[in-house]
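J.: Please find one structure pasted underneath; my questions will follow.
Each value in this text was obtained by applying a stated rule to the coordinates, not by laboratory testing. Because the structure is a prediction, the values reported are computed rather than measured. We place every Cβ from the backbone using ideal geometry, glycine too, and count neighbours over all the protein chains shown.
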Amino acid sequence: MKLTTQIMVGIGLGLLVGLVLHGYPVGISYVEPIGEIFIRLLKMIIIPLIMATMVTGVLSIGDARKLGRIGLKTFLYYLVTTVLAVVVGLVLVNIIRPGVGLELGAGQAPDLPEQSIKSIFMDIVPKNIFGAMAEGKVLPVIFFSLLLGSALTMVRERASGVVVFFEGFNAVMMKLTDWIMRLAPFGVFALIAVLVGETGIEAFGSLAKYIITVLVGLGIHALITLPLLLWLVGGYSPLRLFRHVSAAVATAFSTASSAATLPITMECLEEKAGVSNRTASFVLPLGATVNMDGTALYEAVAALFIAQVYNIELTFMHQVIIVLTATLASIGAAAIPSAGLFTMAIVLNAVGLPLEGIGLILAVDRVLDMCRTAVNVWGDSCGTAVIARLEGEVLR
Ligand code: ASP
């Protein structure tokens, strides 16, 4: 059986077992460690994998000017797709109006960690690279690896030992990823079983229209916008790419974390789709951390939903501000579960909406998180394929 099929079976069985275990915490506690170990294994390799792959990637790109060219394309592509996603979300929420006339009990603002636009940019530069690695902060590690790789290209001869080290290290990390990926069906099974077992399916009633708005938006972005771009700009078949990366998308759905999924996305794009390490190693880790189309779309829908529930009229100008801040908030969101929920404070603050509004949508956030993370990873994959094609690569 193919790995993706196995993962799908894992999701299905997880759903069934979760329904059976609903209300039996003891049963759930037996399944939980399997999912936890799977997530831990993925997290264990993220930081070394990013370092190894980005340093070797920059080395094979060769010089700073070429890196700059790929960087510019990547940046533009990611920005355009994210803004498109927000716009789709805004249009839908204005048409469906899921929050109008909804009577929900007063929400309570969850404890939000400090998030400001300034801190998003400041955090890119680590105070201490080992500290950043120990805390699993991806963006500073990317920043450092890019610098390290660039410096290595300049002193290649004198540092040939370091070059050989990183190339070997990268090969080893890919092998480890391969092993961990084989465990995905079990991990995914456990994650879904625990989720369904703990939440059941009651919480969704009153928020159904809101959930549907988000899902329709994500669907339009994933099934129409992104495939069209891939086809028109990259000249590559969306269906074929989906077949290559479906294991990554399914893992993203189950883990709700683009970062945890990154090793698998990497493996799928390089080993199956045939994207060069040179492109994937640069475009993909960056995408996993800053390119979150699903999150951006969700933030826009959620902000307007909250405005509608509180009966707060937002002008066209407000909605433009939401496009900007939702884009920034998605860039700033860490690639971990629920991160988008927290950075939403940026959007709400910018247009003067009450933070308590977040309390209203908390109950259904996990499921939406899974769906938006799947779209995030699909977006990164399409982006990587498009950039690879623009760089003249022939994909499988
Ligand atoms: N969980 C998402 C991700 O990792 C981020 C979010 O919360 O929207 O991509």
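J.: From Cα coordinates alone, what are the radius of gyration and Dmax values for the stretch 210-270 in angstrom?
T.: Considering the stretch 210-270 through its Cα atoms, Rg and Dmax are 12.8, 37 Å.
J.: Note the full-extension length gain between F121 and L19 as 0.36 nm times their separation in residues minus their Cα-Cα distance, in nm to one decimal.
T.: Once the chain is fully extended between F121 and L19, it gains 32.4 nm.
J.: Dipole of the stretch 1-92, Cα-centred, from +1 at each Lys and Arg C-beta and -1 at each Asp and Glu C-beta, to the nearest 20 debye?
T.: On the way: 7 positive and 3 negative charges, 95 e Å.
It works out to roughly 460 debye.
J.: Relative to the longest principal Cα axis of the chain, at what angle does helix 293-309 sit, 0 to 90 degrees, rounded to 10?
T.: For 293-309 against the chain, the angle is about 20 degrees.
J.: Separate question: Give me the dipole magnitude in Debye, nearest 20, for the chain about the Cα centre, with unit charges on the beta carbon: positive for Lys and Arg, negative for Asp and Glu.
T.: In total the dipole reaches around 1120 debye.
J.: Positive end of the dipole of the chain, charges at C-beta (+1 Lys, Arg; -1 Asp, Glu), about the Cα centre: which of A335, I95, T153 has its Cα farthest in that direction?
T.: Toward the positive end, the furthest listed residue is T153.
J.: Sticking with this structure for a sec: Say the dipole of the stretch 242-345 comes from +1 at the beta carbon of Lys and Arg and -1 at that of Asp and Glu; which of A302, M344, F242 then lies farthest toward its positive end?
T.: Going by the charge dipole, the pick is F242.
J.: Follow-up question, since we're still on this one. Just G101, G219, G332 to compare: in a GNM of the chain, with alpha carbon springs under 10 Å, which one fluctuates most?
T.: In this elastic network of the chain, the residue with the biggest mean-square fluctuation among G101, G219, G332 is G101.
J.: Another question, if that's okay. Provide the net charge surrounding S246, with neighbours chosen by a C-beta distance below 13 Å and charges set as Lys +1, Arg +1, Asp -1, Glu -1.
T.: Net charge in that neighbourhood comes out at +3.
J.: Between the helical axis of 316-332 and the dominant principal axis of the chain, each derived from Cα atoms, what acute angle in degrees is found, rounded to the nearest 10?
T.: 50
J.: Which Cα, out of L262, V364, L228, lies furthest along the positive dipole direction of the chain (beta carbon charges, K/R +1, D/E -1)?
T.: So the residue furthest toward the plus end is L228.
J.: Sticking with this one: With +1 on each Lys and Arg Cβ and -1 on each Asp and Glu Cβ, and nothing else charged, work out how big the dipole of the stretch 180-287 is about its Cα centre, in Debye to the nearest 20.
T.: 280
J.: Run lengths n ≥ 4 of DSSP H only: what is the helix-derived mean residue ellipticity at 222 nm for the chain, with -39500 (n - 2.57) per run over all residues, to the nearest 500?
T.: -25000 deg cm²/dmol
J.: Of all the Cα-Cα pairs you can form in the chain, what percent are over 35 Å apart?
T.: So the pairs more than 35 Å apart make up 25 percent of the total in the chain.
J.: Report the dimensions of the stretch 262-359 along its three principal axes from the alpha-carbon atoms, largest first, rounded to Å.
T.: If we take the Cα atoms of the stretch 262-359, the spans are 51, 25, 17 Å.
J.: Over the chain, calculate the relative contact order: mean separation of alpha carbon pairs under 8 Å at least 6 apart, over the residue count, as a percent.
T.: Relative contact order for the chain comes out at 32 percent.
J.: How much net charge surrounds V83 when only other residues with a Cβ under 13 Å from its Cβ are counted (Lys, Arg +1; Asp, Glu -1)?
T.: -2
J.: OK, next. Please give the net charge around M266, taking every other residue with its beta carbon less than 12 angstrom from that of M266, where Lys and Arg add +1 and Asp and Glu add -1. Mind dumping the intermediate values first?
T.: Working: positive: K272; negative: D178, E267, E270, E271, D380.
The answer is -4.
J.: Can you tell me the mean projection area, over all orientations, of the convex hull of the stretch 1-160's alpha carbons? Units nm², please.
T.: Convex hull of Cα atoms, orientation-averaged projection: 16.7 nm².
J.: Comparing V164, V83, V367, which has the greatest mean-square fluctuation in the GNM of the chain with Cα pairs linked when under 10 Å apart?
T.: Taking springs between Cα atoms under 10 Å, the residue moving most is V164.
J.: Could you list the residues of the stretch 360-393 with an amide nitrogen less than 16 Å from a label point located 7 Å from the Cα of L76 in the Cα-to-C-beta direction?
T.: Only 383-384, 386-392 pass the distance filter.
J.: Restricted to Cα positions, what overall size does the stretch 178-310 have along the principal axes? Three whole-Å values, descending.
T.: Cα extents, longest axis first: 49, 37, 24 Å.
J.: If you don't mind, another one. Would you mind telling me which residue in A171, A329, A303 has the biggest mean-square fluctuation in a Gaussian network model of the chain, where springs connect alpha carbons within a distance under 10 angstrom?
T.: A171
J.: Helix 258-267 sits at what angle to the longest principal axis of the chain, using alpha carbons and giving 0 to 90 degrees rounded to 10?
T.: For 258-267 against the chain, the angle is about 40 degrees.
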